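J.: Please see the structure below; I have some questions.
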């Protein structure tokens, strides 16, 4: 996918977010994993975190008792941020970090296979989404779990893509203005739903927060989308059985948990 110049760095956004992470947010990330995968399916299992971002979910897997955690990201700032969290948690030997791309087949061949392959909101930003999904799926052991989230397809794709391009082309002041406009929309939504608009930057599920999600959404190029049927069928033909799905709709990420056939 060809995009105009990308001036947004996911890693810088997650580095900024990591400075505000609280124990409650880590607890929220842990609870999210327990809900989707189950604690019993994490304990003593090998986990791969593709696009580790802030590192909060790799940390959550570690705290849940995973046997090994391998975390990698294309963005060097994300790797450094994850490493910082690793250092703050006594540098566990069973948790390793790499700077790499899910499109780099030579790197992937060195990894082996995993009980859980996790990639939330990442594979649609690679510029080759379907190849990225296939490469990630190939790393799941028979009987293992494949947990991904992908932006939902809808009629406003071109509009959203142009907005992201506009954000990336903007000056720093222009970027901040676009962020403020988005924040005002969030505040307006809260007023309509009889909620306090001044608490717009609420902590969200999965341990994230509203502001950094807004920046992530506005800046996120490349940007691809897929319908739930497309994802389910694509993974089914690669030996994946759908265990659970959460459909959000356009503008958000649909979430999928697949289990690879043991055959």
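J.: Checking residue 98 against (1) touching a strand residue (DSSP E or B) at 6+ places or on another chain (Cβ under 6 Å); (2) buried (at least 17 other Cβ atoms within 10 Å of the Cβ), which test does it fail?
T.: Among (1) touching a strand residue (DSSP E or B) at 6+ places or on another chain (Cβ under 6 Å); (2) buried (at least 17 other Cβ atoms within 10 Å of the Cβ), the lone unmet condition for residue 98 is (2).
J.: Only residues that are in a helix (DSSP H, G or I) and either touching a residue at least 40 places away in the same chain (Cβ under 8 Å) or touching a helix residue (DSSP H, G or I) at 6+ places or on another chain (Cβ under 7 Å) (or both): list them for segment 218-234, please.
T.: Once the filter is applied, which keeps residues that are in a helix (DSSP H, G or I) and either touching a residue at least 40 places away in the same chain (Cβ under 8 Å) or touching a helix residue (DSSP H, G or I) at 6+ places or on another chain (Cβ under 7 Å) (or both), segment 218-234 yields 218, 219, 228, 230, 231, 234.
J.: Follow-up. Tell me, yes or no, whether segment 143-162 has at least one residue that is without any contact (Cβ under 8 Å) to a residue 60 or more places away in the chain and surrounded by 17 or more Cβ atoms within 10 Å (Cβ to Cβ).
T.: No, segment 143-162 contains no residue that is without any contact (Cβ under 8 Å) to a residue 60 or more places away in the chain and surrounded by 17 or more Cβ atoms within 10 Å (Cβ to Cβ).
J.: To continue, here is another question. Please determine whether any residue of segment 2-23 is part of a helix (DSSP H, G or I), surrounded by fewer than 15 Cβ atoms within 10 Å (Cβ to Cβ) and modelled with pLDDT of 90 or more.
T.: no
J.: Another question, then. Applying the selection to segment 35-52, what residues are in contact with a strand residue (DSSP E or B) (Cβ under 7 Å, 6 or more places away or on another chain) and without any contact (Cβ under 8 Å) to a residue 60 or more places away in the chain?
T.: 52
J.: Select from segment 47-57 the residues that are over 22 Å from residue 134 (Cα atoms) and part of a loop (DSSP other than H, G, I, E, B) and write down the one among them that is modelled with the lowest pLDDT.
T.: 54
J.: Right, another one. List the pairs whose first member sits in segment 192-214 and is on the phi > 0 side of the Ramachandran plot, whose second member is surrounded by fewer than 16 Cβ atoms within 10 Å (Cβ to Cβ) and modelled with pLDDT of 75 or more, and whose Cβ atoms are under 7 Å apart, counting only residues at least 6 apart or on separate chains?
T.: none
J.: Among (1) buried (at least 20 other Cβ atoms within 10 Å of the Cβ); (2) modelled with pLDDT under 95; (3) over 30 Å from residue 158 (Cα atoms), there is one condition residue 70 misses while meeting the rest; what is its number?
T.: Exception for residue 70: condition (2).
J.: Still on this model: Exactly one condition in (1) part of a loop (DSSP other than H, G, I, E, B); (2) farther than 30 Å from residue 24 by Cα; (3) touching a helix residue (DSSP H, G or I) at 6+ places or on another chain (Cβ under 9 Å) is not met by residue 201; state its number.
T.: Only one criterion is unmet by residue 201, namely (2).
J.: Check whether at least one residue in segment 58-67 is within 14 Å of the chain's Cα centre (by Cα) and part of a loop (DSSP other than H, G, I, E, B), and report yes or no.
T.: No; the residues of segment 58-67 include none that is within 14 Å of the chain's Cα centre (by Cα) and part of a loop (DSSP other than H, G, I, E, B).
J.: Scan segment 235-253 and tell me whether some residue there is part of a helix (DSSP H, G or I), in the same structural domain as residue 78 (by TED's automatic domain parsing) and either modelled with pLDDT of 90 or more or within 20 Å of the chain's Cα centre (by Cα) (or both). Spell out how you get there, then give the answer.
T.: Our first condition is that a residue be part of a helix (DSSP H, G or I); within segment 235-253, this holds for 235-236.
This time we only want the ones that are in the same structural domain as residue 78 (by TED's automatic domain parsing), so: 235-236.
With the extra rule that they be either modelled with pLDDT of 90 or more or within 20 Å of the chain's Cα centre (by Cα) (or both), the set shrinks to 235-236.
For segment 235-253, residues part of a helix (DSSP H, G or I), in the same structural domain as residue 78 (by TED's automatic domain parsing) and either modelled with pLDDT of 90 or more or within 20 Å of the chain's Cα centre (by Cα) (or both): present.
J.: Continuing with the same structure: For residue 85, are the conditions met, namely being over 25 Å from residue 129 (Cα atoms), crowded, with 21+ Cβ neighbours inside 10 Å and touching a helix residue (DSSP H, G or I) at 6+ places or on another chain (Cβ under 6 Å)? Walk me through it before giving the result.
T.: On the way: over 25 Å from residue 129 (Cα atoms): yes; crowded, with 21+ Cβ neighbours inside 10 Å: yes; touching a helix residue (DSSP H, G or I) at 6+ places or on another chain (Cβ under 6 Å): yes.
Here the answer is yes, as residue 85 does meet what is asked.
J.: Sticking with this one: Restricting to segment 163-180, give me the number of residues that are free of Cβ contacts under 8 Å to residues at least 24 places away in the same chain and within 27 Å of residue 22 (Cα to Cα).
T.: The total comes to 2.
The values are calculated or read from the model by the stated rules, or taken from the named source; none is laboratory data. These figures come from a predicted structure and were not determined experimentally. Cβ sites come from the backbone with ideal geometry, for glycine too, and all protein chains shown count toward neighbours.
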